[in-house]
Each structure stands twice: as C-alpha cells, then as structure tokens.
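Following: one structure in structure tokens, then a few remarks.
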Amino acid sequence: MRFDIVTLFPAIFEGYMTQGLLGKAIQRELVQIHQHDLRDWAPQTTHKPVDDKPFGGGPGMLIQVEPTVNCVEAVEKKADQSARRILLTPQGKRFDQRMAEDFATSGRLMLLCGRYEGFDQRVTDILEPEEVSIGDFVLNGGEVAAMVIVDAVVRLLPGVLGDENSSIDDSFSRGNRLLEFPQYTRPREFRGHAVPDVLTSGDHKAIAAWREQQSLQRTKQRRSDLLRDE
Ligand SMILES: Oc1ccccc1-c1ccno1
C-alpha cells in the first residue's frame, strides 16, 4: 500500500516513519509513504507563498487552490493508479475503525493536510476528495490527523501485525462493538494489586467468560453508545 501525504510540513513525518510498527512495515516494504511539500508548487517567487487572505474578509489565511491542485495532479501522474483522495478537516466524516478497514483495502491513499483556515473551496470542488475528521476538536493542521489514519490503517495490512498480535480481537475491529477487557502480565502482584485469579487458573472457558463479562461491563460504563443499535 502507498500513502502520498501533501503537506506544508513534510519534516513532521520523518521521525514517525522510522519508529515502531510503521518503521518496520516500511523497512519490510509492506507500505510506502511519500511526503509532498506544497511549497514546491508555490509560484516561483522568493517567498513562495501558498496561502492568502479569504475573500469577503475573516480571520486567518487559506491554502491556495493552484499549488494544491497542481501538486496532486503531478503526484497522481507519477504513479499508474489514481489514489483515493482524503482531505483532513474538522468538517469531515468521522474516522472510525470501519473506515480504517475500508481504507486498508485501497492500494493507494492521498492525504491532503490543511493548515491555517483550511483549503480554498475550489480544492474540494476540483479534486472531490473524501473529507475526513478524526474528532470534534480543532488542530493546527491536518498532519497529526494524517498520522492517526496512517497508524490505524497500516496495522491492518497483511503481515504488519504478527499472527500473535492479530487485530481481530481489538476494540472496534471488524464490527466488534465491545471495548477490550483489562489485561495483565508479570508480576502477579504489585503494590497490593493482584492479577485476577481466573487469569492464572488455566481454565480457558472461565477466562473467556470473565473477559467477555469485563468487556461488556467496561463498555456499559464508558461507551454505552456502542451498545445501541445503529
Ligand atoms: O483541526 C484540523 C485542522 C486541519 C486539518 C484537520 C483538522 C482536524 C480536526 C479533526 N480532524 O481533523
């Protein structure tokens, strides 16, 4: 799978792409991530502006349509298949595990990271991206949202998680509507907090029943909305 990330701050992704699961997935060529600096598409002036004031007045600046559309079209021409275009924005459809599973079936995703007050509306009108939000809050830019999407999608790609770390039982995975149960490892007791006896009983049926009960209780307490019919 390939990600193309269009951004004003490509350097933001450098450390992120060399660490942990994603770093290993890139090394094993299970995924490719290409950053594209919008400033490379700015008018050839010394200052290279890619933003400007909104018509009609109002606070902040907008990212101009010309560098953005030219950048996306140039990136698409580089590869033989057109990418699915995702624009990160607070106004978008809420990202969730189901969307992550859908994105993971796409060969190529292009993530458009806005800054300032976002993109000129013609970026959306011309490129017709899917507009996606990672939650009801405001960030300084789309880069963090893009990392969230890359992180959630890459772990679903074949071969990224070893069999022992399958995502199949994760909270929200593949329609799973219960939060995950509490997990414990050694030591068996720490500061008076012991591992529940059932987990060291060897009774796999009892362990499964305890985990199911814990998941249901935790979901009722924290996310009762997940138990309502869609
Ligand atoms: O707050 C933002 C600013 C720019 C681009 C995206 C976002 C955002 C907020 C929530 N999901 O995406």
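The values are calculated or read from the model by the stated rules, or taken from the named source; none is laboratory data. Keep in mind that what you see is a predicted model, and the values were worked out from it rather than measured. Here Cβ is always computed from backbone atoms with ideal geometry, including for glycine, and neighbour counts include all displayed protein chains.
What tally of residues in the range 36-81 results from selecting those that are in contact (Cβ under 8 Å) with a residue 60 or more places away in the chain and not hydroxyl-bearing (Ser, Thr, Tyr)?
Just the residues of the range 36-81 that are in contact (Cβ under 8 Å) with a residue 60 or more places away in the chain, to begin with: 51, 54, 63, 65, 68, 71-72, 75, 79.
Retained after the next criterion (residues that are not hydroxyl-bearing (Ser, Thr, Tyr)): 51, 54, 63, 65, 71-72, 75, 79.
So the answer is 8.
Got a number for residues in the range 32-58 being surrounded by 19 or more Cβ atoms within 10 Å (Cβ to Cβ) and under 30 Å from Gly162 (Cβ atoms)?
The number of residues fulfilling the criteria is 2.
Evaluate the following for Asp120: is it over 25 Å from Pro158 (Cα atoms) and of a type in the set (Asp, Glu)?
Taking the combined requirement at face value, the residue satisfies it.
For the range 177-226, how many residues meet the condition of being among the polar types (S, T, N, Q), part of a loop (DSSP other than H, G, I, E, B) and more than 27 Å from Arg98 (Cα to Cα)? I'd like the intermediate steps shown before the answer.
The first filter runs over the range 177-226 and keeps only residues among the polar types (S, T, N, Q), leaving 183, 185, 200-201, 213-215, 217, 219, 221, 224.
Then drop every residue that is not part of a loop (DSSP other than H, G, I, E, B), which leaves 183, 185, 201.
Cutting the leftovers down to more than 27 Å from Arg98 (Cα to Cα) gives us 185, 201.
Result for the range 177-226: 2.
For the range 141-155, how many residues are away from the ligand (no atom under 13 Å from the Cβ) and surrounded by fewer than 20 Cβ atoms within 10 Å (Cβ to Cβ)?
Going through the range 141-155 one residue at a time, the tally reaches 2.
Yes or no, residue by residue, for (1) at pLDDT below 95; (2) surrounded by 15 or more Cβ atoms within 10 Å (Cβ to Cβ):
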{"residue": "Gly60", "(1), (2)": "yes, no"}
{"residue": "Val75", "(1), (2)": "yes, yes"}
{"residue": "Ser82", "(1), (2)": "yes, no"}
{"residue": "Arg94", "(1), (2)": "no, no"}
{"residue": "Arg98", "(1), (2)": "no, no"}
{"residue": "Met110", "(1), (2)": "no, yes"}
{"residue": "Gly114", "(1), (2)": "yes, yes"}
{"residue": "Glu131", "(1), (2)": "no, yes"}
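Residues of the range 1-32 being of a type in the set (Phe, Trp, Tyr) and assigned to a helix (DSSP H, G or I), which ones?
Passing the criteria: Phe13, Tyr16.
Restricting to the range 71-112, count the residues that are of a type outside the set (S, T, N, Q) and within 15 Å of Asp151 (Cβ to Cβ). Let's see the steps before the verdict.
Keep residues of the range 71-112 that are of a type outside the set (S, T, N, Q), which gives 71-80, 83-88, 90, 92-96, 98-104, 107-112.
Checking which are within 15 Å of Asp151 (Cβ to Cβ) leaves us with 86, 88, 95-96, 99-101, 103-104, 109, 111.
Summing the residues that are of a type outside the set (S, T, N, Q) and within 15 Å of Asp151 (Cβ to Cβ) in the range 71-112 gives 11.
Considering only the range 43-60, I want to know if a residue exists there that is under 27 Å from the mean Cα position of the chain (by Cα) and more than 20 Å from Asp120 (Cα to Cα).
Of the range 43-60, the ones under 27 Å from the mean Cα position of the chain (by Cα) are 50-51, 60.
Cutting the leftovers down to more than 20 Å from Asp120 (Cα to Cα) gives us none.
For the range 43-60, residues under 27 Å from the mean Cα position of the chain (by Cα) and more than 20 Å from Asp120 (Cα to Cα): absent.
Just for the range 115-140: of the residues that are touching a Phe, Trp or Tyr at 6+ places or on another chain (Cβ under 7 Å) and not hydroxyl-bearing (Ser, Thr, Tyr), which one is farthest from the ligand (Cβ to nearest atom)?
Val132
For the range 73-96, what are the residues that are more than 16 Å from the ligand (Cβ to nearest atom), touching a helix residue (DSSP H, G or I) at 6+ places or on another chain (Cβ under 8 Å) and not basic (Lys, Arg)?
Ala74, Ser82, Ala83
Restricting to the range 1-20, what's the tally of residues that are surrounded by fewer than 15 Cβ atoms within 10 Å (Cβ to Cβ) and of a type in the set (A, V, I, L, M, F, W, C)?
Within the range 1-20, residues that are surrounded by fewer than 15 Cβ atoms within 10 Å (Cβ to Cβ) and of a type in the set (A, V, I, L, M, F, W, C) number 1.
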